[in-house]
Amino acid sequence: MARVLFDHVTKRFGEFTALRDFNLEIADKEFLVLVGPSGCGKSTALRMLAGLEDITEGSIFIEERRVNGVPAKDRDIAMVFQSYALYPHMTVYDNIAFGLRLRRMPKDEMDPKVKEAASILGVDTLLDRKPGQLSGGQRQRVAVARAIVREPKVFLLDEPLSNLDAKLRVHTRAEISKLHQRLGTTFVYVTHDQVEAMTMADRIAVMNEGIIQQVGSPQKLYDEPVNVFVAGFIGSPSMNFFEAEVVENGEGVRLEGEGFVVDVPDDRADDVRGFLGRRMVFGVRPENIHDKDYVPAGITAAPTAVKVDVTEPMGNEVFLHLMAGDTKLLARVDPRTAMRAGDRVEVVIDMERMHIFDPETKESALS
Amino acid sequence: MRTRLVTAAWLWVLPAFVLLGVFLVYPVVNTVYLSFFSGRDMSTFVGLDNYVYLVTHPETITVFRNNLLWLVLFTATTVALGLLLAVLSNQVRYEALAKAIIFIPMAVSFTAAAVIWRFMYIFRPPQFEQTGVVNAAFTALGFDPIPWITNPSVNNYALIAAGIWMWTGFALVVISAGLKGISAEVLEAARVDGANEIQIFWHVILPMLRSVLVVVAVTLIINSLKVFDLVYVMTFGNFATDVLANRMFKEMFTFGNFGRASAVAVVLLLAIVPMMLSNVRRFRRE
Amino acid sequence: MAKQVIALSKRERLLRAVSRGPLHVAIIAICLMWMVPSTGLFVSSFRPKDAIATTGWWTAFSTASEFTLANYQQVLTAQGMAQSFMNSLIIALPATLLTVAVAAFAAYAFAWMDLPGGEIIFLVVVGLLVVPIQLTLIPVLRMFASAGLTGTFPAVWLAHTAYGLPFAVFLLRNFFIALPKDLLESAFLEGAGHMRVFFRIVMPLSVPSLAALFIFQFLWLWNDLLVALVYLGGFRNVAPMTVTISNLVSSFGSEWHLLTSAAFISMMLPLVVFFALQRYFVQGILAGAVKG
Ligand SMILES: Nc1ncnc2c1ncn2[C@@H]1O[C@H](COP(=O)(O)OP(=O)(O)O)[C@@H](O)[C@H]1O
Ligand SMILES: [Mg+2]
């Protein structure tokens, strides 16, 4: 029911510009995640949508209504705060019921709603307790129950998982996704954790220093990042970047980096021919660098000589910190690898999946 | 929208503003104005005459001297005692009880304290049994009893002692809270570095308590300048014990000289303004 | 092994106790000294008139002497301390309530509302904290006189409230602003206006600081002499205990059986409050370390 639109929104705190020309359209029933490093302005954007911060310039629309200046209470939105913001002097029941009571909902109508919201979140046995008597995970659930009970048009979540331990976080991630499907409401979710963004979002908006870098589906951001920032931010471990000069000889196109050389496969040669003789920034994800002995079928590139700095066995895979000449590379290879720290070995860098960026603008050089 | 909110905000502070305006801000301004006038109906403009009187008349010069004595002696002794007791009591298990005992006088009125100390200072001629604790102790030690309240060479000290008795609890409680705020780890680090307890006090604890001590001293200075009830009840400012606040009361009600009373009040304000600025500055820093 | 450890620590403890002897002596001596004045007053207030006049109160324990309630009976009735006790209550209670209420609204606005220039105004309030009320006596007295309010309770209620406001606003604003921002914003989001947030969220969460302020302000007014003296004009039917006692001192300066019992009556309530609610009282003192 609720479409959200940020239209050329700018936010300044005194001299400091927290958000610059922010444009974003969020579709009805969409799960949109705002992701970016801490301090990039995610919360500010969310709080302006909630009506908790003034809008310096531009407009925000909820459905077709311009909400600049509309107080928070009249926007029909609910928010889950990072701190949960539960009222410490009220029971769980009263916390959940607070918003309904303010709307003077009759008790016999309110009571089933409160209980339903509580049971959806699995806190129906805790209704008589005060927040102080709950664990972190329980508090988080009460905060969500309090938000959903009002059936708001838009549902805002500001880092709702960051106070949970790692295991509970994974579990709750899935729960929130389920909740979104069940409620069919627009969700705007803020996090600094790209894993949360990738796993939960329909679409992700990546932000840095108050500016939207790219908006798109998780896969799209992963496969086609528009600049070095997005390429490095999305995906874990991060993409490898190195500068290299594009050279062509009789055998084909090659990249000459700091102390190493790598071939460009023929079907990508056209992507780089335009930059012959120039130094460009190239990006390769760690999973596209393979142990020479365990190269997946279909990859034919010639091996590159490297030195192994550190190995990090993860069980299902091994992270190799490599030095190719003076360039640091991280590889994510088959766990059967025999490579050990200090070894001089050969790896296969699969340039089939490479990204190319302009060294000046840091924008993607792929059309 | 915004203007409606702002108007609403002003409504919330309106009662406070009206009361502050009518009973504090306007009267202060008016008092300054009145200090340049004289007569029962305050109609004669006399310029600085009232102030000139204050700084030239022997009786009012005594008032200034007494307030200065209060300021220095009362403040220094109370801070020192409070600090000493805070450090000492911090090391014993009955700290709470000790602090409560020192603090009790803070809960009672200055008026009651004045009665208590007049009772402590009762003087009877040497041939009689002394019924006041202080003179009883004096005669027991072989001295002659002293008329503490009426003898101008000692009575100011006697009054200040009563003030110290009342305020030491305040200094103790505030300094003690500051002391608790110093992390044990810092003290342990100093001990590991080889400092003994006395060095720790001078080089670690005291510097860390600096801001707390300033707060306590400023509060005590303000109160030493404003001291009224104790003097009013114990001597009514007679026997050369008068202070600004009591002098003002006398000028008002005994002599009916509102202009001169206003001038005394303005002098009091001028003395306190530096303290006020220190508070505002500290608050802004926080 | 374990025994040895205990034995050692026992000896250590003893050594420690001995070396700390002077510390204990000093603290206990000072505490005793601090108790002497009030104890003297308390004991004397129960001694017969003649005994007080001729012997020290400390002799009351060593010699066979009698104690009496006659002093109390006399000050309460003949000297009007009973009436004054009521007057003190009638002055302090409403004025305290009024102060806390007016201050709470203003403090909330300073802490959580969009008040243009609010910062500066608040600094002015901080400045007013230490303005001696002497600066206001004459103009306010003239105002009261022309309004026919001198010698009435409403006059002191209003004056006390105004004088108490800077401190009360200061204390509450600092407390309110320290409440978690998320909590209030969450309530706004749920549809609460400022009134609701104030009464349903801020007030319940501020009970300790409201209590501290209430107790502090109440005792301050209970113990006030100057304001009552000036605005009530010493009329006996409205005089609080502080004024009555100071009148007793000037008329019966050496009738110690009256003075001691009267003073003790005025101290009873503060002492009870102090012992019952010491925590709040101390909290008020600490928060208001700048109050004059
Ligand atoms: N009320 C404020 N006043 C001044 N600066 C602020 C305020 N709120 C946020 N900022 C600044 O704006 C930037 C963005 O903050 P925020 O939106 O909270 O970042 P995050 O992306 O971590 O949620 C930060 O640099 C922060 O310091
Ligand atoms: Mg944030």
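Structure summary
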read-out: Which listed residue, of A:ILE212, A:ILE204, A:ILE234, is within 16 Å of ligand 1 (Cβ to nearest atom) and open to solvent by less than 20 Å² (accessible area, probe 1.4 Å); value: A:ILE204
read-out: Residues of the range A:142-152 satisfying the condition of being touching a Leu at 6+ places or on another chain (Cβ under 7 Å) and either within 16 Å of ligand 1 (Cβ to nearest atom) or in a helix (DSSP H, G or I) (or both); value: A:VAL142, A:ALA143, A:VAL144, A:ALA145, A:ILE148
read-out: C:ARG142, sole failed condition from (1) at pLDDT below 90; (2) surrounded by fewer than 17 Cβ atoms within 10 Å (Cβ to Cβ); value: (1)
read-out: Complete set of residues in the range B:25-61 that are open to solvent by 40 Å² or more (accessible area, probe 1.4 Å), assigned to a helix (DSSP H, G or I) and among the polar types (S, T, N, Q); value: B:THR56
read-out: Condition check for B:ALA114: in contact (Cβ under 8 Å) with a residue 60 or more places away in the chain, within 25 Å of C:ALA53 (Cβ to Cβ) and more than 7 Å from chain C (Cβ to nearest Cβ); value: yes
read-out: Residues located in the range C:233-263, provided they are closer than 20 Å to C:PHE46 by Cα, part of a loop (DSSP other than H, G, I, E, B) and more than 10 Å from every other protein chain (Cβ to nearest Cβ); value: C:PHE252, C:GLU255
read-out: Subset of the range A:153-176 [within 16 Å of ligand 2 (Cβ to nearest atom), touching a residue at least 40 places away in the same chain (Cβ under 8 Å) and part of a loop (DSSP other than H, G, I, E, B)]; value: A:GLU159, A:PRO160, A:SER162, A:ASN163
read-out: Subset of the range C:149-176 [open to solvent by 10 Å² or more (accessible area, probe 1.4 Å), more than 11 Å from chain B (Cβ to nearest Cβ) and more than 17 Å from C:ILE215 (Cβ to Cβ)]; value: C:LEU149, C:THR150, C:GLY151, C:THR152, C:PHE153, C:PRO154
read-out: Residues within the range A:71-97 that are under 17 Å from A:LEU52 (Cβ atoms) and in a helix (DSSP H, G or I), tallied; value: 3
read-out: Given (1) free of Cβ contacts under 8 Å to residues at least 40 places away in the same chain; (2) within 16 Å of ligand 2 (Cβ to nearest atom), number of the condition A:GLN138 does not satisfy; value: (2)
read-out: C:ALA17 of a type in the set (Gly, Ala, Ser) and assigned by TED's automatic domain parsing to the domain that holds C:HIS257; value: no
read-out: Subset of the range B:85-94 [surrounded by fewer than 20 Cβ atoms within 10 Å (Cβ to Cβ) and facing chain C (nearest Cβ under 9 Å)]; value: B:LEU88, B:GLN91, B:VAL92, B:TYR94
read-out: Among residues of the range C:103-117, those that are on the phi < 0 side of the Ramachandran plot and either open to solvent by 10 Å² or more (accessible area, probe 1.4 Å) or basic (Lys, Arg) (or both), counted; value: 8
read-out: Single match in B:ALA195, B:ALA265 (criterion: assigned to a helix (DSSP H, G or I) and of a type in the set (Gly, Ala, Ser)); value: B:ALA265
read-out: Residue among A:ASP309, A:ASP291 that is open to solvent by 10 Å² or more (accessible area, probe 1.4 Å), under 31 Å from the mean Cα position of the chain (by Cα) and at pLDDT 90 or above; value: A:ASP309
read-out: Filter result for the condition that a residue is within 17 Å of B:VAL233 (Cβ to Cβ), under 14 Å from the mean Cα position of the chain (by Cα) and at pLDDT 95 or above, over B:TRP70, B:TRP117; value: B:TRP70
read-out: Test: residue in the range C:55-75 that is among the hydrophobic types (A, V, I, L, M, F, W, C), buried (at least 17 other Cβ atoms within 10 Å of the Cβ), within 30 Å of B:ILE101 (Cβ to Cβ) and facing chain B (nearest Cβ under 10 Å); value: yes
read-out: Only one of B:ALA217, B:ALA184, B:ALA261 that is over 21 Å from B:VAL92 (Cβ atoms) and more than 10 Å from chain C (Cβ to nearest Cβ); value: B:ALA217
read-out: Top-ranked residue of the range C:178-217 - restricted to ones that are in a helix (DSSP H, G or I) and within 11 Å of chain B (Cβ to nearest Cβ), ranked as surrounded by the fewest Cβ atoms within 10 Å (Cβ to Cβ); value: C:MET195
read-out: Filter pass, C:PHE85 being farther than 19 Å from C:LEU213 by Cβ and either more than 9 Å from chain B (Cβ to nearest Cβ) or crowded, with 24+ Cβ neighbours inside 10 Å (or both); value: yes
read-out: Within the range A:114-141, tally of residues that are away from every other protein chain (no Cβ under 14 Å) and either open to solvent by less than 30 Å² (accessible area, probe 1.4 Å) or assigned to a helix (DSSP H, G or I) (or both); value: 15
read-out: Any hit, the range A:85-103, residues being within 28 Å of the chain's Cα centre (by Cα) and either modelled with pLDDT of 90 or more or under 22 Å from C:VAL197 (Cα atoms) (or both); value: yes
read-out: Residue in the range A:44-56 that is within 10 Å of ligand 1 (Cβ to nearest atom), open to solvent by 10 Å² or more (accessible area, probe 1.4 Å), in contact with a Phe, Trp or Tyr (Cβ under 8 Å, 6 or more places away or on another chain) and more than 14 Å from chain C (Cβ to nearest Cβ) present; value: no
read-out: Pick from the range A:1-19, criterion free of Cβ contacts under 8 Å to residues at least 12 places away in the same chain, at negative phi and near ligand 1 (Cβ under 8 Å from one of its atoms), ranking: surrounded by the most Cβ atoms within 10 Å (Cβ to Cβ); value: A:PHE13
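Condition check ((1) assigned to a strand (DSSP E or B); (2) within 9 Å of ligand 1 (Cβ to nearest atom)) across all residues:
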site: A:ASP21; (1), (2): yes, no
site: A:LEU34; (1), (2): yes, yes
site: A:SER38; (1), (2): no, yes
site: A:PHE61; (1), (2): yes, no
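Here's the yes/no breakdown for (1) at the interface with chain C (Cβ under 10 Å from one of its Cβ atoms); (2) over 30 Å from B:THR235 (Cα atoms); (3) over 25 Å from the mean Cα position of the chain (by Cα):
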residue	(1), (2), (3)
B:ILE146	no, no, yes
B:THR150	no, no, no
B:ILE164	no, no, no
B:MET208	no, yes, no
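To keep it simple, each residue is scored yes or no on (1) within 16 Å of ligand 2 (Cβ to nearest atom); (2) away from chain C (no Cβ under 14 Å); (3) closer than 26 Å to A:ARG75 by Cβ.
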{"residue": "A:LYS178", "(1), (2), (3)": "no, yes, yes"}
{"residue": "A:GLY184", "(1), (2), (3)": "no, yes, yes"}
{"residue": "A:PHE187", "(1), (2), (3)": "no, yes, yes"}
{"residue": "A:VAL190", "(1), (2), (3)": "yes, no, yes"}
{"residue": "A:THR199", "(1), (2), (3)": "no, yes, no"}
{"residue": "A:VAL206", "(1), (2), (3)": "yes, yes, yes"}
{"residue": "A:TYR222", "(1), (2), (3)": "no, yes, no"}
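The values are calculated or read from the model by the stated rules, or taken from the named source; none is laboratory data. Because the structure is a prediction, the values reported are computed rather than measured. Note that we place each Cβ from the backbone using ideal geometry, even for glycine, and neighbour counts take in every protein chain shown. Surface areas here come from the heavy atoms of the whole protein model, side chains and all, with no ligands, DNA or RNA. Shrake-Rupley method; radii C 1.70, N 1.55, O 1.52, S 1.80 Å.
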